[in-house]
Amino acid sequence: MDDGIDRRRGAGVALWRQIQQVLEREIADGAVKPGERLPTEFELAERFQVNRHTVRRALAEMEEKGLLRVEQGRGTFVHEHVIDYAVGKRTRFASNLMKVGREAGHEFVRAEAGEADGSVAEALSLRRGAPVIVLETVGMADARRISFSTQYLPADRFPGFDIAFRETQSITQSLARYGVADYTRRWTRVVARMPTAAEADILHQPRNRPVLVTEALDVDHDGRPVNLGVTRFASDWVQLVIE
């Protein structure tokens, strides 16, 4: 069997390392392309005539190097290039992705009426308990989930905003329907942390891979808060560029 593996005792290189080298060479040569799913552990074990633990060690090393990514319930994929996502005075999801040659999309998760807790009320200049509209969406790049966002908007100022968003699939276009022709970013906070089980499931990523979390306040031309957004980015897919 000519699979590039030397199985002789004392060959000097562990089997898992040889498998890693073969797979990395195939990726470098373009035999396996970015975004392509690898065969399962069982299939690779059959190919190389080794046990699954040996294959798992090779794949784990490649994931650690950033060559592979694991999506829960979907498999192991060759990693694509990370997206540079600009965070600045005018941060727009669709525009950011267009600039880097990616197609933007959204998946609507839920919309509900809520009450502003202390931090939301303070950010939006509302009284505690004031009505807010809560939107949750998944941001897509080339049909791949890269972010999970929760938006809080003053319900009294934007009644029915969830309906407008369902129709436009755009915060910017929806705000324009309420006379907010433009808005800018007042501040952005960024932290990195491990995802919750729900966040990992939504983003199709393992729980041992961190998410980048932005909390950001947008204001209209008069400086009135219009939207408080909390977005969790899959760090395997996105790196934030502060402008």
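The values are calculated or read from the model by the stated rules, or taken from the named source; none is laboratory data. This structure is a prediction, so every number in the text was calculated from the model and none was measured. Ideal geometry is used to build each Cβ from the backbone, glycine not excepted, and the neighbour counts take in all protein chains shown.
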Task: Scope the range 101-124; condition surrounded by 13 or more Cβ atoms within 10 Å (Cβ to Cβ) and farther than 17 Å from Thr231 by Cβ; matching residues - done: Gly114, Glu115, Ala116, Ala121, Glu122
Open item on the list: Considering only residues that are touching a residue at least 60 places away in the same chain (Cβ under 8 Å) and among the aliphatic types (A, V, I, L, M), which ones fall in the range 88-126?
Closed with: Ala94, Val109, Val120, Ala123, Leu124
Task: Condition check for Val50: without any contact (Cβ under 8 Å) to a residue 60 or more places away in the chain, of a type in the set (A, V, I, L, M) and outside the structural domain of Ile19 (by TED's automatic domain parsing) - done: no
Open item on the list: I'd like the full set of residues that are under 13 Å from Val22 (Cβ atoms) and assigned to a helix (DSSP H, G or I), limited to the range 40-77.
Closed with: Leu44, Arg47, Phe48, Thr54, Val55, Ala58, Leu59, Glu61, Met62
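Residue-by-condition table, conditions (1) of a type in the set (A, V, I, L, M); (2) closer than 21 Å to Gln151 by Cβ; (3) touching a strand residue (DSSP E or B) at 6+ places or on another chain (Cβ under 6 Å):
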| residue | (1), (2), (3) |
| --- | --- |
| Phe48 | no, no, no |
| Arg52 | no, no, no |
| Glu61 | no, no, no |
| Glu107 | no, yes, yes |
| Gly114 | no, yes, yes |
| Asp117 | no, yes, no |
Open item on the list: Out of the helices (runs of 4 or more DSSP H) lying entirely within the range 92-210, which hold 3 or more residues that are of a type in the set (D, E, K, R)?
Closed with: 161-168
